[in-house]
Amino acid sequence: MSPETHELHLHDPQALYRRWEESQWSPWDIDLSGDREQWQATEDRSLLSFVLGSLMVAEERITTKFSGLVGADGSEEEVTYLATQQVDEARHMQFYARFQDEVVAEPALIAAHVQRAREQVSPAFRTIFDDKLVAAHERLVANPGDVAAKVAFVTIYHLVLEATLGLTTFEFSTRLMERERLLPGFVAGYTKIHHDEHRHIGYGIWFLRKAVAEGSAIGDVVRATLRELLPAVAESLTPPAGADASVLGASAEDLRGFALDGLTRRLNIIGVPLDTL
């Protein structure tokens, strides 16, 4: 497919802003009435707990480590769109917290839910969200006009966290829940989150493609960022120890293959093919 064909599928920040205005939803409109009873009746909740805990921890990080991108140099249209993404992330965190309050545990502050969920995530997960994302955000906050810092942050946030990890997690966890008819309220809310994240990823691809086209060295920033992160990404796409792959319906190789296929397609659109890493 030619670059011109790909371009037809990319939306600039103004178009993405208008889509946001048309796509509002509330975390409190989702019906969770059947989920708590079903949760309590489920004997083996280890895999579900792992997925839900990972989402809670991830969403807290990507909500609280985003303002640097909103404050980075960009057009008025871009900054306006990015402000909507920060609102989206807060809404997602509120939905996951509400699910914890009403289905999984007793009501508590978001920080308490995150702390409990942290006990389940892997060292590779913490490397990505606690080390690499936080460091990239701090660099961008300190240097809002640094194009390389912005490119590195968007590569981590939009290309790795939201697209590679986020879409893979959604694909396989919702397959499991829908196949087993589990947690329909959660699936309904998670699906709305998934639609929001497609809009976010659209911004990331638009920005990185534009930045790579405008500066020959920018592609090297994308490559270096990915080379540093991909080992931890591959490790994090592993079901928890003791998890029955037949329950998930997928092996670690299946998860990684799905993630790699998506990353490969997006890198081709950006102009940094995977085989150049």
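Bear in mind these aren't lab numbers, they're just calculated from the coordinates by the rules spelled out. Keep in mind it's a predicted model, so treat the numbers as computed, not measured. Backbone-built Cβ (ideal geometry, glycine too); neighbour counts: all protein chains shown.
Contact order, relative form, for the chain: 26 percent (alpha carbon pairs under 8 Å, 6 or more residues apart, mean separation divided by residue count). Compared with the dominant Cα axis of the chain, that is its longest principal axis, helix 218-236 is turned about 20°.
Projecting the Cα atoms of LEU165, ALA142, VAL221 onto the charge dipole of the range 95-240 (Cβ charges, centred on the Cα centre) puts VAL221 farthest toward the positive pole. Could you tell me how many degrees, from 0 to 90 and to the nearest 10, lie between the Cα long axis of helix 76-99 and the main elongation axis, the longest principal axis, of the Cα atoms of the chain? The two axes meet at around 10 degrees. Against the chain, whose longest principal axis is taken from its Cα atoms, helix 167-179 shows a tilt of about 30°. Distance from the Cα centroid of the range 37-116 to that of the range 150-192 is 12 Å (rounded to whole angstrom).
Computed packing ranks the peptides 41-49, 80-88, 187-195 as 80-88, 187-195, 41-49, most packed first, by mean other Cβ atoms within 10 Å. For the range 188-272, what percent of Cα pairs sit more than 19 Å apart? The answer is 54 percent, as a whole percent.
In terms of other Cβ atoms within 10 Å, TYR203, TYR17 run from fewest to most in the order TYR17, TYR203. The fraction of Cα-Cα pairs per 10 angstrom bin, counted from 0 for the chain, comes to 6, 29, 37, 22, 6, 0 percent, rounded to whole percents.
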